[in-house]
Structures are given as structure tokens and as C-alpha cells.
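Asker: Handing you this structure, nothing more for now.
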Amino acid sequence: MNHWDEKFDEEEYIYGKEPNEWIKSIFDKEGHGKVAMLAEGEGRNAVYMANLGYDVTAFDYSRVGLDKTRRLAQEAGVVVTTHLVDITETDALPQGEYDISINVFGHVPSDGKEEMIKNLVGTVKPGGEIVFELYSKRQIEFQTGGPKDIHMLYDVEGLRRELEKYNVEIVTLKEEILRRNEGRMHQGKSAVIQGHMRKV
């Protein structure tokens, strides 16, 4: 059982069942198309997107998290396909297959960041959207969720440099200090980086 299996191995949804506010602000009406959710954990955002009418696949490293995703989907009366994968492995996801890719607080060790971004961008078709909310390095000050290792966190310029390797048009890439109320693990004032881009 890996670290994430152990973390998710309880009845409670530790990040809650409600979707992330940044995702809700971008996807706020019914839609269609294929969505890849990277490091989706317990499934709250996948189920939200499925409720809007999208064809959703959740990719995660935790078998326990994916079990909870399927339970939450069943509870909501929607279908979410799940795949047990390590999103930091080269070409871990199908390439150029999805209309949208999303990563909400799917933090990875520093040596896996480059491949995670590559997979986040690579899985989307030209014309598709890439959306994420990640903790910034300033989150270390707040201790209201996320990794305690600063090397697993991000800064806007580092992400911009990484994204410039690919054919993407940046719509939004900004750091925000705001409140997050997501289960018992994300509570309070938080430093986040919000990204929204289109693949050219």
C-alpha cells in the first residue's frame, strides 16, 4: 500500500465531495467532450465534470482513491472511468486523445514535475484546454494543506518556463492568496497558482 492508499484508506472523503472553486469558475455549464483528470484522488472534480455531461477519465496512483472515485460517481449517478497510473512516468497517459486535462493539487516529487506537466499537456488534442490549481511555494507559510516539501510546490515563472516548451497559449497563469475549504485537509488561507491554457 503506497502513501496515497494509506492516506485515502478511510470512510471520510478527506478533501470533501465538493469540486474545487477554480474548476467550477471555468466549467460552470453543461458541456461535452473527453476529460482527463490527473492525480484525481477521491474523485470530487471528476464527478463534478461528469455531472456537467463530460466523458471523464480519472488517472491516479492510488487504488484506494480510485475506488472512492467510483463510489462517489455511483452515489451521484454518473460514470467516471478510472486508470491506475503514475502520472510522472513518460507517456503514462494516451497522447492527443482528450479535449480537456485537469490537475487539482496533484503534487508530485520534484524529479517527476517535468513529466507530469508533459503528460498534462500531451494528453490533450490541439485546440483542447489544460486547467490546473496547484499550491505555490508560499503555501509553506500557511500550512493549510499540500506538501510540506517546498520542492513539490511551484512558482509562476517556473511553470511558465515549463509550459513554454509546448505549443500552448496561456489564458491565465497567476498566483492567488485565497481561502480553500475542501474537506479536512485543505482548510483556510492558501497560496495557489491557477492555470488555464489552450493547446495550439
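Asker: Between residue 26 and residue 156, how many nm apart are label points set 7 Å from Cα along the C-beta direction?
Answerer: Distance between the two pseudo-spin positions: 1.6 nm.
Asker: Still on this structure, please answer the following. Quick one: grab the alpha carbon gyration tensor of segment 84-200, order the square roots of its eigenvalues as a ≥ b ≥ c, and give me rounded if a/c is under 1.5, else prolate or oblate depending on whether a/b is larger than b/c. Could the numbers behind the result be given before it?
Answerer: Numbers: a/c = 1.84, a/b = 1.59, b/c = 1.16.
Prolate shape, in that a/c is at least 1.5 and a/b is the bigger ratio.
Asker: Keeping every protein chain present and rolling a 1.4 Å probe, give me the accessible area per residue for segment 1-145 in Å².
Answerer: 44 Å²
Asker: Could you tell me the relative contact order of segment 1-141? Use alpha-carbon pairs under 8 Å, at least six residues apart, and round to a whole percent.
Answerer: Once divided by the residue count of segment 1-141, the mean separation gives 22 percent.
Asker: Further, regarding this structure: Report relative contact order for segment 87-140 in percent, whole number only (criteria: Cα-Cα under 8 Å, sequence separation at least 6). Display every interim value, and only then the final one.
Answerer: Working: 77 pairs, mean separation 25.9, N = 54.
That works out to 48 percent.
Asker: Would you mind getting me the FRET efficiency between residue 10 and residue 71? Use the beta-carbon distance for r and R0 = 22 Å, nearest 0.05. It would help to have the intermediate numbers written out before the result.
Answerer: On the way: r = 13 Å, r/R0 = 0.58.
Between residue 10 and residue 71 the formula returns 0.95.
Asker: Starting from the Kirkwood Rh over alpha-carbon pairs, what translational D in µm² s⁻¹ does segment 1-90 have by Stokes-Einstein at 10 °C and 1.306 mPa s?
Answerer: Working: Rh = 13.1 Å.
For these conditions, the coefficient is 121 µm²/s.
Asker: Report the accessible area of residue 29, computed with a 1.4 Å probe over the heavy atoms of all protein chains in place, in Å² rounded to the nearest 10.
Answerer: The value for residue 29 is about 140 Å².
Asker: Most fluctuating residue of 111, 67, 155 in a GNM of the chain with Cα springs under 10 Å: which is it?
Answerer: The residue with the greatest mean-square fluctuation here is 111.
Asker: Moving on. Quote the accessible area belonging to residue 81 in square angstrom, nearest 10, computed with a 1.4 Å probe and with ligands, DNA and RNA left uncounted.
Answerer: For residue 81, solvent-accessible area is about 60 Å².
The values are calculated or read from the model by the stated rules, or taken from the named source; none is laboratory data. What you see is a predicted model, and the numbers here were worked out from it, not measured in a lab. Reconstructed Cβ throughout: ideal geometry from the backbone, glycine too, with neighbour counts over all protein chains shown. Side chains included, ligands, DNA and RNA excluded: accessible areas come from the protein's heavy atoms. Shrake-Rupley method; radii C 1.70, N 1.55, O 1.52, S 1.80 Å.
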